[in-house]
Amino acid sequence: MITYRLNSGGGSFAVRCFHREIPGITQRYALISKALSSLSSDYFATFDYQPSGILVNGARYPIVKMDWVEGETLDVHLERHASDRARMSELRSRFTNLEGSLRSQGIAHGDLQNGNIVVGPSEFKLVDYDGMFVPEMVAGSGTEVGHKHFQHPGRTVKDFGPQMDRFAFIVLDLSLEGLAADPNLHRRFREGGEAIIFKANDFGDPDASEVFKALRAIPALKDRADRFAAICSAPIDLVPTLADYLAGRNVPTPRIATATRPASAPKVKRYIGAYPVLAGSDYEGVLQSVGDRIEIVGEVLSVKHGVGRRGRGRGLPYVFINFGIWNQKSVKITIWSDGLSAMSARPDQAWVGRWLSVTGLVEPPYEGATYGKPYFSVGVSLTSDNQLVQLSPLEARFRLGQAGKSAGAANGTKTSNAAAIQSLGKGAKSSGRRQASSSAGGTASTASQPVSSNAALLATLKPAGTAASGTGQQATTSRTSTKVPARPTSVNTGGGSNNWLGWVVIIGIVLFALAKCAG
């Protein structure tokens, strides 16, 4: 979902717009609203599901309007406070209380993760109720499986029910206990802001996990780490409650290795990302993912610094990170001025040749022209360091499923993405879209104008109901508190003032060759 902040009547509201169809969503939200209204719980925001809340080009679509939740999403909070051992212990205690409250009511959120947990001064607020289970629902009828860095590797939509938060609460508890013991674990393993310390690959193969190795090296946590490893390796229906895990009760028994039977079968070594993973050279694939949240893994081919020339971006700096040849069909990462101010290090020419993982919502393609020749770019905008992770060539190959190839070969060329980008330019433009397989998550950042395909549609809306009135701002999925300025209406995405010099050199070479031939 894409979230907007609307200010109306002296209050602020979050309006969440769906970018994909969810079966039975109207009936689900009716049951969720009924259940939460009877609880009057501080853990949930007041909301209103409106099946015809917005009007887009003559057609009505559903929205969820809820009170705006003040605070920091968990990833932002941990970025600031992970070194505070006492605070980590306090967060653990608060999550224990949250788990007990939900379990006693027979309710499960379904997607506990950094972006769906807002940390206030004295309490949590949970957001994104699309996958929630309440007692009147039918177990086994889910539509999503939650964020992979917080879920059991065996979870499917059939596991929808009151027990589906058990694994995530254990992840949260052991992660925070680990940070209280060794705050450096967060810096080592946080994966931008998508994880606390654990990632999906750790759950899939605990014996090969660096996180499990680090936790087992802490004497006070060795038993807990061993218990959790056994839980990860067991069927999902054997996951205990948080209380049982802490007490060592009902924990699956680890499989013991013998001379004739190994402890476990050899694990398949593949990357398990939180979102679909696409190569930075795959223009067509990224284009098909407009409106979806994905992970882009690519080698930086060029970095462009510029200043906006018109509109609200006039006079403001921006940076483009190009994974391909900028004046052809390419994948591009955009960082507007407020995004730059939120980053700890501004990208520059030293980034060329580095491998990056960038997570974000894919925005509509941009079409420009240079010397009368059109070019196209598609990609995501960065508003926070949490969206970007620098990778080694080995890790990049692993994430792209190219572990046996050279770094360049991971994107189809020995030295760069250029050849792959050129070949993509010959193909027909795809008109389809890939459906998102994971929740977008996150609600805490605001923007001055829409930057995604859904946001562009929302900009054309007529007022509809209470949710569509007032002043609107998009809350992007990057989960920071910065605002993203509008795209400048006239910018050069490539080499800037150096282009004319290149043409002079080329023309000189051609004239020299002609002169030699004539001689």
- strands (runs of 3 or more DSSP E) enclosed by segment 265-331 - at least 1 residues per element that are crowded, with 24+ Cβ neighbours inside 10 Å and modelled with pLDDT of 95 or more: 277-279, 293-299, 317-322
- Taking segment 1-21 and keeping residues at pLDDT 80 or above, surrounded by 13 or more Cβ atoms within 10 Å (Cβ to Cβ) and not polar (S, T, N, Q) leaves TYR4, ARG5, LEU6, PHE13, ALA14, VAL15, ARG16, CYS17, PHE18
- Query: If you check LEU78 against the conditions, is it surrounded by 22 or more Cβ atoms within 10 Å (Cβ to Cβ), out of contact with any Pro (no Cβ under 9 Å at 6 or more places or on another chain), farther than 15 Å from PHE167 by Cα and not assigned by TED's automatic domain parsing to the domain that holds ARG293?
  - Reply: yes
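Let's see how each residue does on (1) assigned by TED's automatic domain parsing to the domain that holds THR143; (2) among the hydroxyl-bearing types (Ser, Thr, Tyr); (3) touching a Cys at 6+ places or on another chain (Cβ under 9 Å):
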residue	(1), (2), (3)
TYR49	no, yes, no
SER83	yes, yes, no
ARG87	yes, no, no
SER93	yes, yes, no
GLY100	yes, no, no
GLY110	yes, no, no
GLY120	yes, no, no
- Message: List pairs: first residue in segment 303-318 and more than 14 Å from ASP338 (Cβ to Cβ), second residue of a type in the set (Ser, Thr, Tyr) anywhere in the structure, Cβ distance under 7 angstrom, at least six positions apart or on different chains.
- Response: LYS304/THR493; GLY306/TYR318; ARG309/SER490; ARG310/THR489; ARG310/SER490; GLY311/THR489
- Looking at (1) farther than 20 Å from PHE167 by Cα; (2) free of Cβ contacts under 8 Å to residues at least 40 places away in the same chain, find the lone condition where ASP48 falls short. (2)
- Task: Find all pairs meeting these conditions: Cβ atoms under 6 angstrom apart; at least six residues apart or on different chains; first residue within segment 213-228 and surrounded by fewer than 16 Cβ atoms within 10 Å (Cβ to Cβ); second residue in a helix (DSSP H, G or I).
- Result: ILE218/ALA181; LYS222/ARG216
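Is there a residue in segment 244-262 that is modelled with pLDDT under 95 and in contact with a Gly (Cβ under 9 Å, 6 or more places away or on another chain)?
No, that holds for no residue.
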- Which of the residues belonging to segment 364-385 are surrounded by 17 or more Cβ atoms within 10 Å (Cβ to Cβ) and among the acidic types (Asp, Glu)? ASP385
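Which residues, taken from segment 122-166, are charged (D, E, K, R) and either under 20 Å from ILE236 (Cα atoms) or outside the structural domain of GLU79 (by TED's automatic domain parsing) (or both)?
Across segment 122-166, the qualifying residues are GLU144, LYS148, ARG155, LYS158, ASP159, ASP165, ARG166.
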- With respect to the numbered conditions (1) under 22 Å from the mean Cα position of the chain (by Cα); (2) farther than 19 Å from PHE44 by Cα, which one is the sole condition not fulfilled by GLY58? (1)
- Those residues of segment 156-180 that are touching a Lys or Arg at 6+ places or on another chain (Cβ under 8 Å) and of a type in the set (Gly, Ala, Ser) come to a total of 1
- Item | Selected residue (criterion: surrounded by the most Cβ atoms within 10 Å (Cβ to Cβ)) from residues of segment 22-32 that are among the hydrophobic types (A, V, I, L, M, F, W, C) and in contact (Cβ under 8 Å) with a residue 40 or more places away in the chain | ILE32
- From the list SER209, SER233, which one is over 24 Å from the mean Cα position of the chain (by Cα), farther than 27 Å from LEU126 by Cα and among the hydroxyl-bearing types (Ser, Thr, Tyr)? SER233
- Just for segment 139-170: of the residues that are closer than 17 Å to GLY106 by Cβ and in a helix (DSSP H, G or I), which one is nearest to the chain's Cα centre (by Cα)? ALA168
- Taking segment 93-106 only, how many residues are touching a helix residue (DSSP H, G or I) at 6+ places or on another chain (Cβ under 7 Å) and surrounded by 18 or more Cβ atoms within 10 Å (Cβ to Cβ)? 2
- Message: Among the listed residues THR143, THR156, identify the single one that is surrounded by fewer than 21 Cβ atoms within 10 Å (Cβ to Cβ), free of Cβ contacts under 8 Å to residues at least 60 places away in the same chain and closer than 24 Å to LEU31 by Cβ.
- Response: THR156
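The values are calculated or read from the model by the stated rules, or taken from the named source; none is laboratory data. Computed from a predicted structure; not experimentally measured. Heads up, the Cβs are rebuilt from the backbone with ideal geometry, glycines too, and the neighbour counts pull from every protein chain shown.
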